[in-house]
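Worksheet: the structure to be examined is printed underneath.
Readers should treat all values here as calculations from the given coordinates under stated rules, not as data from a laboratory. The model shown is predicted, which means the values in this text are computed figures rather than measured ones. Every residue, glycine as well, gets a Cβ built from its backbone with ideal geometry; the counts of neighbours run over all protein chains shown.
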Amino acid sequence: MGGGTVNRKLFSLIDVKESVKGMFAVEENSRGNIEAVTIDSREAAENSLFIPLPGLKTDGHNYVKSALLNGASAVFLEKKRFKQLEADIAPLAKKKKASLILVDNVLTALQSLGKSYLGRFNSLVKIGITGSSGKTTTKEMLASVLSVHHSTAANVKNLNSEIGVPLTAFRVHEGHEYAVFEMGTNHPGEMAVLADIVRPHYGIITNIGKTHLEFFGSEEAVAREKADIFRYFTGSEAAFLNKGEPLLSLLKENIRGRVILYGTEATAGFEGYENHGLNGLTIHWEGLRICLSLYGQYNILNALAAISAAFHLGISGEDIKEGLESVRPLFGRSQILHGGITILLDCYNSNPDSARSAVEFLEKTEWKGRKIAVLGSMFELGKLSESEHSKLIDFTIGKRLDAVIFFGEEFLHGFELAGNRTTDKNRFYIATEDFDELKNTLKKYLREGDLVLLKASRGVELERLVPFIKEI
């Protein structure tokens with residue numbers, strides 16, 4: 001993962017040092033410029049700044065030497081690590097005419113640099129989007145609409161975290177009129193950091209669901225965290241909220257600015273929609289017929305959020321239609337992979353709400369062949385994990401599906417409790433935590449003409465099944 005834009009000055013090295021309140025340990029070419037910022041030493045090149053972030057399995061400081069050898073012009077180092085690395089790194093930096101900048105914390109320094117850089121663009125209209133689900137799709141929709149006739153920056157893929165948002169900031173340049181930031185959070189306090197970096201003029205919350213409960217404990221706590229996207233509103237900004245959100249009153253608390261509600265009963269000009277199953281959706285709005293390639297009724301609300309924001313920003317109906325109709329599914333998000341066996345690949349993320357929506361869509365989709373759901377574990381549910389996996393089992397067994405395979409240890413106890421309800425002779429149910437057993441089960445059961453849903457949290461990597469299923 002990396003960030004930045006090459007062949008364009010982002011900062012002078014002096015600007016970098018001052019923005020992060022750092023100090024030079026090695027000062028070479030300090031009047032030089034930085035054209036790209038990266039956290040991947042393999043992407044380091046001339047006029048780039050390498051930031052060695054700590055990771056789950058390794059520490060970026062272990063790759064500082066590699067970054068310098070690849071040509072990085074500057075590198076951040078945490079002060080506490082410099083003594084350990086000085087003998088090896090300082091001579092190399094001098095030889096390569098690269099600067100070493102000492103900071104207290106490399107992640108905080110990255111965030112400070114992103115905030116400082118983004119703060120230069122006084123005329124840039126910044127929109128922040130968050131929510132438990134749908135935020136990536138809504139970001140893609142709104143950015144596509146704005147891009148029809150306006151230069152617009154946006155997160156690549158889902159660079160929406162305390163790392164991804166500042167990296168996205170470096171994608172902005174003087175020609176941009178709009179910047180759309182997807183802003184995700186999985187631990188308390190993260191949204192406040194992101195809001196401080198972006199300082200959005202407009203904020204959108206798609207919904208509040210049972211996500212990251214391991215860290216937040218309740219949906220109310222999730223809502224309060226998401227609402228921090230409005231933390232730096234001063235009164236002239238606008239918040240877009242789903243009228244049907246159960247926690248709407250909590251989200252509206254203390255917003256300094258205008259609150260605009262969207263949804264099937266709130267978006268002005270909305271005249272209804274048609275659900276065409278795998279062939280997408282048609283939205284009727286302001287006399288226009290907007291044909292979406294994305295499937296799933298839940299995408300209606302995502303589209304209405306984008307429509308409401310774009311209309312408020314003065315975007316024409318024709319541009320809104322053109323932008324929405326050009327949106328295509330991203331990897332692992334509502335993808336349809338056609339073949340002898342058709343796959344609904346929706347395994348980039350999963351939580352109790354989105355999993356139920358996916359199962360309901362599968363059940364209601366008109367299909368001549370059999371319908372099979374492969375549901376993988378939902379992570380970060382904390383103490384509610386066992387009960388939520390059990391509820392999903394109960395919910396799914398109650399649907400008209402030909403087979404359901406539950407994958408992951410989180411499902412095993414709930415499946416055992418489901419007992420005789422999983423022994424229906426006309427349907428096939430199984431739970432396993434063994435990937436080889438999962439593959440063997442699918443090999444024996446699947447046949448041409450089947451429709452298979454793959455839904456799981458990202459860490460399950462259920463997309464591993466795609467090439468295997470295609471070979472059946």
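Data table
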item	result
Ellipticity estimate at 222 nm from DSSP helix runs (n ≥ 4, -39,500 (n - 2.57)) divided over the chain, nearest 500	-10500 deg cm²/dmol
Ranked T108, T136, criterion: other C-beta atoms within 10 Å, fewest first	T108, T136
Extension gain from K425 to S326, taking 0.36 nm per residue of separation minus the Cα-Cα distance	31.2 nm
Calculated FRET value between L337 and Q84, using beta carbons and R₀ = 51 Å, to 0.05	0.60
Most positive-pole-ward Cα, L213, N426, N160, against dipole of the chain from beta carbon charges	N160
Gain on full stretching of the segment that runs from E46 to E318 - 0.36 nm per residue minus C-alpha separation	93.6 nm
Ranked I51, I336, criterion: other C-beta atoms within 10 Å, fewest first	I336, I51
Size of electric dipole in segment 119-325: Cβ of Lys, Arg +1 and of Asp, Glu -1, about Cα centre, debye, nearest 20	320 debye
Neighbourhood net charge (13 Å Cβ-Cβ; Lys/Arg +1, Asp/Glu -1) for S385	-3
Extension gain (nm, one decimal) between T234 and F215, 0.36 nm per residue minus Cα-Cα	3.9 nm
Kirkwood-type radius of segment 2-104, with distances r between different C-alpha atoms, in Å	13.1 Å
K470-K157 FRET efficiency (beta carbon distance; Förster radius 25 Å; 0.05 resolution)	0.60
Peptides ranked, highest mean first, by Cβ atoms within 10 Å: ranges 71-82, 254-265, 137-148	137-148, 71-82, 254-265
Cross-link reach list, lysines versus K383, counting only Cα pairs under 19 Å and skipping chain neighbours closer than eight places	K210, K391
Rounded to 5, percent antiparallel among DSSP beta bridges of segment 236-337	65 percent
Mean projected area in nm² (Cα convex hull; one quarter of hull surface) for segment 198-248	3.8 nm²
Compactness of segment 267-340 as Cα Rg over 2.2 N^0.38 Å, two decimals	1.12
